[in-house]
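Have a look at the structure below before the remarks.
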Ligand code: FES
């Protein structure tokens with residue numbers, strides 16, 4: 001359980017909020033769970049819900065809504081392409097399809113080397129610079145805008161190179 005390994009951290013997070021606003025601790029607690037397990041597991045979801053006195057479904061909806069949270073295991077990096085309507089009008093869907101083809105995965109899948117999970121996500125606030133994606137990894141989140149399949153493959157190559165030197 002999360003509380004077994006991170007009791008002090010959990011208490012510090014909860015202490016930031018008055019008891020009547022305990023639910024506000026959901027986001028940092030989910031983030032802690034994700035750091036621990038790589039994604040928010042069902043058990044962690046339940047635990048966070050109990051810690052803040054909320055319904056498991058409510059906490060689950062946060063995980064579903066925010067692209068920063070993942071409810072499934074993934075690769076070392078998550079390459080998240082915005083496929084929302086404004087970006088789709090600038091070719092994001094075709095871009096996503098072709099990039100997946102190049103990587104040998106389906107949208108939502110992970111490359112066989114376990115390095116890249118490609119996901120389609122909703123608006124990332126770069127609508128006029130599509131096709132665009134963000135890459136989430138241990139070193140944070142990086143945006144890549146006005147992309148082509150070729151430039152995106154270069155980003156992937158760089159990630160693989162960086163990872164092999166880590
Ligand atoms: S719709 Fe794609 S970034 Fe806004």
Fill in the blank from the handout: Restricting segment 142-159 to residues that are touching a residue at least 12 places away in the same chain (Cβ under 8 Å) and in contact with a strand residue (DSSP E or B) (Cβ under 8 Å, 6 or more places away or on another chain), the one surrounded by the most Cβ atoms within 10 Å (Cβ to Cβ) turns out to be 152
Practice task
Mind counting the residues in segment 21-35 that are loosely packed, with under 14 Cβ neighbours inside 10 Å and either closer than 11 Å to residue 2 by Cβ or in the same structural domain as residue 137 (by TED's automatic domain parsing) (or both)?
Solution key: 1
Problem - Among the residues listed as 15, 54, 44, the single one being surrounded by 15 or more Cβ atoms within 10 Å (Cβ to Cβ), over 20 Å from the mean Cα position of the chain (by Cα) and outside the structural domain of residue 158 (by TED's automatic domain parsing) - result: 54
Exercise for the section: Answer yes or no: is there a residue in segment 63-77 that is within 16 Å of the ligand (Cβ to nearest atom), closer than 15 Å to residue 153 by Cα and outside any strand (DSSP E or B). Expected result: no
Handout entry: Selection from segment 70-115 of residues that are touching a helix residue (DSSP H, G or I) at 6+ places or on another chain (Cβ under 7 Å), over 22 Å from residue 150 (Cβ atoms) and surrounded by fewer than 18 Cβ atoms within 10 Å (Cβ to Cβ)
Key = 71, 86
Exercise for the section: Name every residue in segment 116-161 that is part of a strand (DSSP E or B), away from the ligand (no atom under 16 Å from the Cβ) and in contact with a helix residue (DSSP H, G or I) (Cβ under 9 Å, 6 or more places away or on another chain), in order of residue number. Expected result: 116, 137
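The values are calculated or read from the model by the stated rules, or taken from the named source; none is laboratory data. Predicted model, so just to flag it, every value in this text is computed and none were measured. Cβ coordinates were reconstructed from backbone atoms using ideal geometry, including for glycine residues, and neighbour counts include every protein chain displayed.
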